[in-house]
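The values are calculated or read from the model by the stated rules, or taken from the named source; none is laboratory data. Everything numeric in this text was worked out from a predicted model, so none of it was measured. Here the Cβ positions follow ideal geometry from the backbone for every residue, glycine too, while neighbour counts run over all protein chains shown.
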Amino acid sequence: MTRTTLSPLDSIPKSLDRRAESKPDSILFCIPKDESDLSKGFHDVTAKQFVNAINHAAKWLDENVVPKTKEEFEVFAYGGPNDLRYPILAVAAAKCGLQVRRSSISDMRMVASGDYDIFIIYSRKL
């Protein structure tokens, strides 16, 4: 049930898809293995790995969030840490015709106020 209306953000998922096809092993991100001790090194995230994560997230959104939305490009809230989960979710949302807004987990006023019908909270570290 993926939506077909194009968003201005469609170029981001398409650009990433092209990068993953043409240069799958190119490194897009380096994530610390231990945020409290950078001397332990970094974990590289390739274009192929990043797009694969986006596609898995898009599939999950398409199955679990899109059916609950009322309109195209509906906004849902995401509460989670400042790591790759948010950009993965943001690009996946664009692929599904949704928008995501990052918000503080402690800021439950948004949920209570009814600004968002859907609020996604992370459950564990990467």
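Things worth noting here:
- The single condition among (1) over 24 Å from residue 14 (Cα atoms); (2) surrounded by 14 or more Cβ atoms within 10 Å (Cβ to Cβ); (3) modelled with pLDDT of 80 or more that residue 38 does not satisfy is (2).
- Residue match in segment 99-112 (condition: modelled with pLDDT of 60 or more, at positive phi and surrounded by 15 or more Cβ atoms within 10 Å (Cβ to Cβ)): no
- Sole exception among (1) modelled with pLDDT of 95 or more; (2) over 22 Å from residue 11 (Cβ atoms); (3) of a type in the set (Phe, Trp, Tyr) for residue 50, by number: (2)
- Output for segment 7-34, where each listed residue is assigned to a loop (DSSP other than H, G, I, E, B), at pLDDT below 95 and surrounded by fewer than 11 Cβ atoms within 10 Å (Cβ to Cβ): 34
- Enumeration of residues in segment 59-85 that are of a type in the set (S, T, N, Q) and at pLDDT 75 or above: 64, 82
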